[in-house]
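What follows is one structure encoded as structure tokens, with my remarks underneath.
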Amino acid sequence: MDDDVLGAAVRALLENPRADTGREISTTEQAAHAVGLLDQGLHDGPGVFREMAEGAQRGAETLSSDRLQVLSEFVQNADDAGAGHLRFLWRPDALLIAHDGAGLHLGDVLLLGMPWLSGKTADARSTGRFGIGLSTLRALATTWEVHGHPFHVRFADLSLEPVPPPRLPDEISGPGWTVFRIPLQPGTLSSAQLFEWFESWSDASLLFLRHLERLEVTAGELSTVLALAWEEQDRQRIPFDGGEQDVRVRHATTRDGAQWRVYTAEVAPHAGWERNHKALGAALPVAVALPLQHGERGSVHAGLPVAGLDAAVRVHSHFDPVASREGFADSRLNHQLVPLVADLWAAVRDVLVAVDPRAWHLTRFPRDLARQRRTVAPGAGRLACGGGL
């Protein structure tokens, strides 16, 4: 690609960040030149827009009450990229985060560096929508890098700079990996803090992701792994949403042998349904996961878990979360989806009849309902209090 063509591609992206330039960059030299042109274009733009972007970045530092929220964003982004594996490698001077999903393109570099700029709003299946997630890593560092052939880029505030390819550990080196490097100042993030944060996760946190099968966290000799093994069980016709729906039934087995029976349906949107700042798509997933053993925690997912649920069930649909993903928006769609999820939950009684007659831990009794007082999402109190077997 000659310089004129590359320059035209960069100008097209600066004018429309979601534009398809139709150009692929194949060499590190071209990639470095393109990054330099993007940086120059951002600096040459109107100062008022730069001030706005800088303010948005500063605000992202405290967008979430959890300073490690960005780790969830990396999980979400890896799944959106089609990754099967995601690895967090802690070192005293840096945190490396690597996935084996789709590689980087020129447009991705611009979107990664700009707050509130998303390339996923038109993709109904992806989880991302706000374009602010990675900016929350400013709670850990104000500079960071991404490495994925042919791009090697350092981000510092709103500046983009090409950097030499780093020497990476063997397990995350090679063209199949995209690697993020977050420099750590002393006292910023210890290995103990990293593992403590992931203690709130479990294998079941991955139940409703589309692609990600394995998540590893490593610091020296210490490591933890989240993973699920899937097995197809059945295809059923289940009555809910005003008629019979095709429902896929699978079993997910955790590393310690626990099993979840997962029911997933694809439901056509009703008239008037609309997602906040996100494409709706031709069908929405509605899913319910029931544990086949005692002692499991429930939650409401929008891909990843968002809010706890005081019942032995995990549920998922295209709920609208707030930007920090610490809860759900009070949106019309959320209220419309809750009865649909509850109907599927109430309909899947085969877990008692045909799977395990001892599964009474899934049933809500009056004493359980009396303890249920909090609302996990606008309208979702009905999931915790009135839905289910």
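Considering every residue within region 71-94, establish whether at least one is surrounded by fewer than 21 Cβ atoms within 10 Å (Cβ to Cβ), more than 17 Å from the chain's Cα centre (by Cα) and closer than 20 Å to residue 161 by Cα. Yes - at least one qualifying residue is present in region 71-94.
Can you pull out the residues in region 112-144 that are at pLDDT 80 or above and either crowded, with 20+ Cβ neighbours inside 10 Å or in a loop (DSSP other than H, G, I, E, B) (or both)? Once the filter is applied, which keeps residues that are at pLDDT 80 or above and either crowded, with 20+ Cβ neighbours inside 10 Å or in a loop (DSSP other than H, G, I, E, B) (or both), region 112-144 yields 112, 113, 114, 137, 138, 140, 141, 142, 144. Taken as a whole, region 35-54 holds no residue that is within 27 Å of the chain's Cα centre (by Cα), surrounded by 14 or more Cβ atoms within 10 Å (Cβ to Cβ) and closer than 25 Å to residue 196 by Cα. Restricting attention to region 292-318, the residues that are under 20 Å from residue 212 (Cα atoms) and not hydroxyl-bearing (Ser, Thr, Tyr) total 11.
If you go through region 159-183 and keep only what is surrounded by fewer than 17 Cβ atoms within 10 Å (Cβ to Cβ) and aliphatic (A, V, I, L, M), you end up with 163, 168.
Among the candidates 173, 200, the residue that is without any contact (Cβ under 8 Å) to a residue 24 or more places away in the chain and within 15 Å of residue 75 (Cα to Cα) is uniquely 200. Scanning region 206-226 for residues that are part of a strand (DSSP E or B), over 17 Å from the mean Cα position of the chain (by Cα) and not hydrophobic (A, V, I, L, M, F, W, C) yields a total of 3. Say whether the condition of being basic (Lys, Arg) and surrounded by fewer than 15 Cβ atoms within 10 Å (Cβ to Cβ) is met by at least one residue in region 199-222. Yes: region 199-222 contains one or more residues that are basic (Lys, Arg) and surrounded by fewer than 15 Cβ atoms within 10 Å (Cβ to Cβ).
How about region 319-345: which of its residues are hydrophobic (A, V, I, L, M, F, W, C) and under 19 Å from residue 208 (Cβ atoms)? Correct list: 319, 322, 328, 329, 333, 337, 338, 340, 341, 342, 344, 345.
Could you tell me whether residue 109 is closer than 24 Å to residue 50 by Cβ and in contact with a helix residue (DSSP H, G or I) (Cβ under 9 Å, 6 or more places away or on another chain)? Answer is yes for this residue.
Looking at the structure I just gave you, is residue 21 exposed (fewer than 14 other Cβ atoms within 10 Å of the Cβ) and within 21 Å of residue 152 (Cβ to Cβ)? No. One residue alone among 26, 64 is farther than 15 Å from residue 145 by Cα and either buried (at least 21 other Cβ atoms within 10 Å of the Cβ) or aromatic (Phe, Trp, Tyr) (or both), and that residue is 64. Please tell me if residue 232 is within 28 Å of residue 126 (Cβ to Cβ), touching a strand residue (DSSP E or B) at 6+ places or on another chain (Cβ under 8 Å) and not β-branched (Val, Ile, Thr). Considered against the rule, which asks whether it is within 28 Å of residue 126 (Cβ to Cβ), touching a strand residue (DSSP E or B) at 6+ places or on another chain (Cβ under 8 Å) and not β-branched (Val, Ile, Thr), residue 232 comes out as yes. Which condition does residue 149 not pass, out of (1) modelled with pLDDT under 95; (2) closer than 21 Å to residue 120 by Cβ; (3) in contact with a Pro (Cβ under 9 Å, 6 or more places away or on another chain), if it passes all the others? Going through (1) modelled with pLDDT under 95; (2) closer than 21 Å to residue 120 by Cβ; (3) in contact with a Pro (Cβ under 9 Å, 6 or more places away or on another chain) one by one, residue 149 breaks only (2). The helices (runs of 4 or more DSSP H) found entirely in region 1-80 that carry 1 or more residues being more than 30 Å from residue 327 (Cα to Cα) and at pLDDT 80 or above are 3-15, 28-44, 47-60.
Scanning region 10-31 turns up no residue that is within 20 Å of the chain's Cα centre (by Cα), over 20 Å from residue 122 (Cβ atoms) and among the aliphatic types (A, V, I, L, M).
Any residue at all in region 63-77 that is without any contact (Cβ under 8 Å) to a residue 60 or more places away in the chain and either out of contact with any strand residue (DSSP E or B) (no Cβ under 6 Å at 6 or more places or on another chain) or not charged (D, E, K, R) (or both)?
Yes, some residue in region 63-77 is without any contact (Cβ under 8 Å) to a residue 60 or more places away in the chain and either out of contact with any strand residue (DSSP E or B) (no Cβ under 6 Å at 6 or more places or on another chain) or not charged (D, E, K, R) (or both).
Among residues of region 149-201 being part of a loop (DSSP other than H, G, I, E, B) and within 21 Å of the chain's Cα centre (by Cα), the one that is nearest to residue 223 (Cα to Cα) is 199.
The values are calculated or read from the model by the stated rules, or taken from the named source; none is laboratory data. Note that the coordinates shown come from a computational prediction; the quantities given were computed from them, not determined experimentally. Every residue, glycine as well, gets a Cβ built from its backbone with ideal geometry; the counts of neighbours run over all protein chains shown.
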